[in-house]
Amino acid sequence: MPFVHLSGNGDFDHVRLLGVAVRAIAETALAPSDAAQLEIAVVEACNNIVEHAYANTKGIITVDIFLTDQKFVVNLRDTGKAMVDAHQIKDSTALDFDIDNLDDLPEGGFGMFLMDTIVDERKYFSENGINTLTLTKYIQP
Amino acid sequence: MPFVHLSGNGDFDHVRLLGVAVRAIAETALAPSDAAQLEIAVVEACNNIVEHAYANTKGIITVDIFLTDQKFVVNLRDTGKAMVDAHQIKDSTALDFDIDNLDDLPEGGFGMFLMDTIVDERKYFSENGINTLTLTKYIQP
Amino acid sequence: MAILTTENRANATLVTMTEKRLDAKIAVAFKEEMAAIINAGATLLVLDLSNVGFVDSSGLGAIVTSLKLLGRKGDLLIAGVKSDVMTMFTLTRMDRVFQLFPTADDAVKSLEGK
Amino acid sequence: MAILTTENRANATLVTMTEKRLDAKIAVAFKEEMAAIINAGATLLVLDLSNVGFVDSSGLGAIVTSLKLLGRKGDLLIAGVKSDVMTMFTLTRMDRVFQLFPTADDAVKSLEGK
Ligand SMILES: Nc1ncnc2c1ncn2[C@@H]1O[C@H](COP(=O)(O)OP(=O)(O)O)[C@@H](O)[C@H]1O
Ligand SMILES: Nc1ncnc2c1ncn2[C@@H]1O[C@H](COP(=O)(O)OP(=O)(O)O)[C@@H](O)[C@H]1O
């Protein structure tokens, strides 16, 4: 089972580089449009690590990719602040806005929603100071 | 200075994935055609690690990318057999064939030549069982 | 280094994004440059994204911020959205908030007489 | 899984590479499938590489191996080489060894009457 390990500093410069690398690897197994969407999911996850887990402190983002005939799995790890209650953060409210009401339009808060829309599974756990987010995309046979 | 670390098993399946990832990262800093050539150089270096350093034994290929305004540096490491005399392997003979003589056409031996043609610097050293090949491409301002 | 260039086209201000990515690295700069353009008095804006191959939610949020800053007194039309970027607009329903046009010319034309 | 498909076109055998990469992972399979085609009696071959976006030296070597196997009794023309792949041919001077054609049709036509 192919397995590639990537890592870079937890800042937006490196998120870009990790994003394009994951997309290129995904293109070897997924349709180009699915690989492009996976880049969005991975970039959103990395942005959250930079903004919320490391919150302007330094740290490393680790991205492990596991590739089988059935799934494309991206494992993201950080050593920053853990998410308080990952399961409580729902995707349901992000899109709950009135498109005709300018004041109501969201300027953020799309990250989790996008991940959940793009990938088939999202799992998070935190142990011994290491936070692991696993995004799994099924591969159509 | 952006720095991305990649690694994968030392086999041809993983060389592909490392190659496309390096190319995608290179495209953020180099012209698309230069990034495409850099993929060739990196894949040739990785193929050599699989064929000659690991020679059908198991091992990990590590690819570290350093990115400045002036250069794109790719550092490849393996823990296999060291190259006997890296400086003795010249690029001069690879293209020394008669294009009209079918029997004279080379079926291999292009790897080092390609690396030397594509990148601006190639350095190799072996220490404590770790072999490091550094390929540097200058960035035109 | 400016990430946006502007050009007067009929009664519109054509704002062209020069970078290939509108992401978290660049979202703040994007908002600042858009604010400068809006604060300088532009009200009918066409944002040309035809150079852009990737937008994340920070980038999309930055466009929404600009729309809000412009307020009801103006218009912010978006042109040249590539298919991968369009996905970002449709997934977030922002394709229904913004008027999207194939090219900058189409968007400029639709503003004529406004 | 076959990486090459064949088709009779006038007096030529059109061999199409179906995979996107001709690299070390696939070079041995490529040589074997080419050998099967040549050993089955094909002598005028057109190799269509228009699906191929990446060739490394193992892949290029595999094409040379096929040319040598074919020997002087036949012809191996190459068609549809994309620009990134062409670099591989020019850097190694193989662009002077092989006859290269923009499309498979051009290559097939050049073999008419042979
Ligand atoms: N990696 C993380 N570590 C800690 N908290 C997080 C992480 N990712 C998300 N969160 C929390 O979940 C909330 C929702 O995240 P998201 O949907 O990406 O929207 P946004 O990041 O724009 O607020 C964040 O505001 C933050 O409180
Ligand atoms: N990473 C390596 N470790 C050990 N020996 C190597 C390595 N890379 C190259 N060599 C030696 O250098 C020679 C020339 O390499 P190259 O130009 O890539 O051609 P090829 O690999 O096709 O023989 C190889 O045949 C091998 O003997």
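The values are calculated or read from the model by the stated rules, or taken from the named source; none is laboratory data. Please read all numbers here as calculations on a predicted model, not as lab measurements. FYI the Cβ positions are ideal-geometry reconstructions off the backbone, even for glycines, and counts take in every protein chain you see.
Residues in region B:11-69 that are acidic (Asp, Glu) and more than 15 Å from ligand 2 (Cβ to nearest atom): B:Asp13, B:Glu27, B:Asp34, B:Glu39, B:Asp64, B:Asp69.
Looking across region C:1-54, the residues that are part of a strand (DSSP E or B) and more than 26 Å from A:Val15 (Cα to Cα) come down to C:Thr6, C:Glu7, C:Asn8, C:Arg9, C:Ala12, C:Thr13, C:Leu14, C:Val15, C:Leu44, C:Leu45, C:Val46. For region A:108-129, the tally of residues that are surrounded by 18 or more Cβ atoms within 10 Å (Cβ to Cβ) and either part of a loop (DSSP other than H, G, I, E, B) or within 16 Å of ligand 2 (Cβ to nearest atom) (or both) stands at 2. The numbered conditions (1) modelled with pLDDT of 95 or more; (2) over 16 Å from A:Met115 (Cα atoms); (3) more than 7 Å from every other protein chain (Cβ to nearest Cβ) are all true for A:Val42 except (2).
Does B:Thr62 satisfy the criteria of being within 10 Å of another protein chain (Cβ to nearest Cβ), under 22 Å from D:Lys82 (Cβ atoms), outside any loop (DSSP other than H, G, I, E, B) and among the hydroxyl-bearing types (Ser, Thr, Tyr)? No.
Could you please give the count of residues in region B:1-21 that are outside any strand (DSSP E or B), more than 15 Å from the chain's Cα centre (by Cα) and either more than 7 Å from chain A (Cβ to nearest Cβ) or under 28 Å from C:Glu19 (Cα atoms) (or both)? Within region B:1-21, residues that are outside any strand (DSSP E or B), more than 15 Å from the chain's Cα centre (by Cα) and either more than 7 Å from chain A (Cβ to nearest Cβ) or under 28 Å from C:Glu19 (Cα atoms) (or both) number 2.
Among residues of region B:70-82 being aliphatic (A, V, I, L, M) and touching a helix residue (DSSP H, G or I) at 6+ places or on another chain (Cβ under 7 Å), the one that is farthest from ligand 2 (Cβ to nearest atom) is B:Val74.
Could you say whether any residue in region A:69-82 is among the acidic types (Asp, Glu), within 14 Å of chain B (Cβ to nearest Cβ) and touching a residue at least 12 places away in the same chain (Cβ under 8 Å)? Quick ask: steps written out before the conclusion?
Looking only at region A:69-82, we keep the residues that are among the acidic types (Asp, Glu), and these are A:69, A:78.
Applying the additional criterion that residues be within 14 Å of chain B (Cβ to nearest Cβ) yields A:69.
Applying the additional criterion that residues be touching a residue at least 12 places away in the same chain (Cβ under 8 Å) yields A:69.
Yes, the conditions are met somewhere in region A:69-82.
Is there a residue being away from chain B (no Cβ under 11 Å), more than 27 Å from A:Pro2 (Cα to Cα) and either touching a helix residue (DSSP H, G or I) at 6+ places or on another chain (Cβ under 7 Å) or modelled with pLDDT under 95 (or both) anywhere in region D:17-37? Yes; the residues of region D:17-37 include at least one that is away from chain B (no Cβ under 11 Å), more than 27 Å from A:Pro2 (Cα to Cα) and either touching a helix residue (DSSP H, G or I) at 6+ places or on another chain (Cβ under 7 Å) or modelled with pLDDT under 95 (or both). If the condition is being surrounded by fewer than 24 Cβ atoms within 10 Å (Cβ to Cβ), in contact with a strand residue (DSSP E or B) (Cβ under 6 Å, 6 or more places away or on another chain) and under 18 Å from C:Asp95 (Cα atoms), then region C:15-58 contributes C:Leu45, C:Leu49, C:Val52, C:Phe54.
Residues are listed down the side, and each one gets a yes or a no for (1) away from ligand 1 (no atom under 16 Å from the Cβ); (2) facing chain B (nearest Cβ under 8 Å); (3) in contact with a Leu (Cβ under 9 Å, 6 or more places away or on another chain); (4) on the phi < 0 side of the Ramachandran plot:
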{"position": "D:Asp48", "(1), (2), (3), (4)": "yes, no, yes, yes"}
{"position": "D:Gly53", "(1), (2), (3), (4)": "yes, no, no, yes"}
{"position": "D:Val64", "(1), (2), (3), (4)": "yes, yes, yes, yes"}
{"position": "D:Asp75", "(1), (2), (3), (4)": "yes, no, yes, yes"}
{"position": "D:Ala79", "(1), (2), (3), (4)": "yes, no, yes, yes"}
{"position": "D:Lys82", "(1), (2), (3), (4)": "yes, no, yes, yes"}
{"position": "D:Asp95", "(1), (2), (3), (4)": "yes, no, no, yes"}
{"position": "D:Phe98", "(1), (2), (3), (4)": "yes, no, yes, yes"}
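Within region A:32-59, the only residue that satisfies the criterion of being small (Gly, Ala, Ser), surrounded by fewer than 17 Cβ atoms within 10 Å (Cβ to Cβ) and in a helix (DSSP H, G or I) is A:Ser33.
A quick yes/no check of all residues on (1) more than 15 Å from the chain's Cα centre (by Cα); (2) surrounded by 15 or more Cβ atoms within 10 Å (Cβ to Cβ); (3) more than 25 Å from D:Ile26 (Cα to Cα):
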position: B:Arg23; (1), (2), (3): no, yes, no
position: B:Asp64; (1), (2), (3): no, yes, yes
position: B:Arg77; (1), (2), (3): no, yes, no
position: B:Phe97; (1), (2), (3): yes, yes, yes
position: B:Thr132; (1), (2), (3): no, yes, yes
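Among the residues of region A:83-98, is there at least one that is more than 16 Å from ligand 2 (Cβ to nearest atom), among the basic types (Lys, Arg) and modelled with pLDDT under 95? The answer is yes; a qualifying residue exists.
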